[in-house]
Amino acid sequence: MAGILTRMTTRTTILGLMMALGVTAPAVAAGLPGEAVFQTHCALCHKATANGRGIGPSLFGVVGRTSGTLPGYAYSKAMQTAALAWTPGQLRSYIAAPRTVVPGNKMTYAGKTSPQQLDDLVAYLETLK
């Protein structure tokens, strides 16, 4: 029970702080399941805001973008030459197995295999516009 309360308190505090700072996205307010997947698996390296800078590129507006093209981020040569169109299906495949889809890319994430979490995450990424 204490673990649940700690997670709830931490999540509530983080979301409250984000809202106070004006760092919100439609999915945060709506509480989409994919936002929780993003926070758990992606937010350490990626941001969900237009001007977000992180270890990895911002994922704001990623759906519809071509791989390796976000200005200001130093992509690997592999990602630059892959020239993938980040459609929901392509994102799903890449997130499931980044090293297989784009061998030699810089992302160290091993991949997400839960079909439900993949669906939720891609649905969340589609809201980041």
query: Just how much of ILE55 is accessible, in Å², when a 1.4 Å probe is used and the result is rounded to the nearest 10?
result: 120 Å²
- request: Calculate the spin-label point distance for ALA97 paired with THR49, positioning each point 7 Å from the Cα along the beta-carbon direction, and give it in nanometres.
  value: 3.6 nm
message: 7 Å from Cα along Cα→Cβ at both ALA83 and THR127: what's the point-to-point distance in nm?
response: 3.4 nm
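For the full complex of protein chains and a 1.4 angstrom probe, list LYS77, LYS112, LYS106 by accessible area with the highest value first. Could the numbers behind the result be given before it?
Details: LYS77 145, LYS112 25, LYS106 105 Å².
So, going from the largest accessible area down, we get LYS77, LYS106, LYS112.
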- prompt: Taking a probe of 1.4 angstrom, what is the accessible area of TYR124 in Å², to the nearest 10?
  reply: 0 Å²
- prompt: Which ³J(HN,Hα) values, rounded to whole Hz and listed in residue order, are derived for region 38-55 from phi using the Karplus coefficients 6.51, -1.76 and 1.60 in 6.51 cos²θ - 1.76 cosθ + 1.60 with θ = phi - 60°, glycine and proline given as x?
  reply: 4, 4, 6, 10, 10, 5, 4, 10, 10, 9, 10, 10, 4, 9, x, 10, x, 4
- prompt: Between GLN90 and GLN39, what is the label-to-label distance in nm when each label sits 7 Å out along the Cα-to-Cβ direction?
  reply: 3.0 nm
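The values are calculated or read from the model by the stated rules, or taken from the named source; none is laboratory data. As the structure is a prediction and not an experimental result, all values here were calculated from the model. Every residue, glycine among them, receives a Cβ derived from its backbone with ideal geometry; neighbour counts consider all protein chains shown. The accessibility values were calculated without ligands, DNA or RNA, using every heavy atom of the protein model including side chains. Shrake-Rupley method; radii C 1.70, N 1.55, O 1.52, S 1.80 Å.
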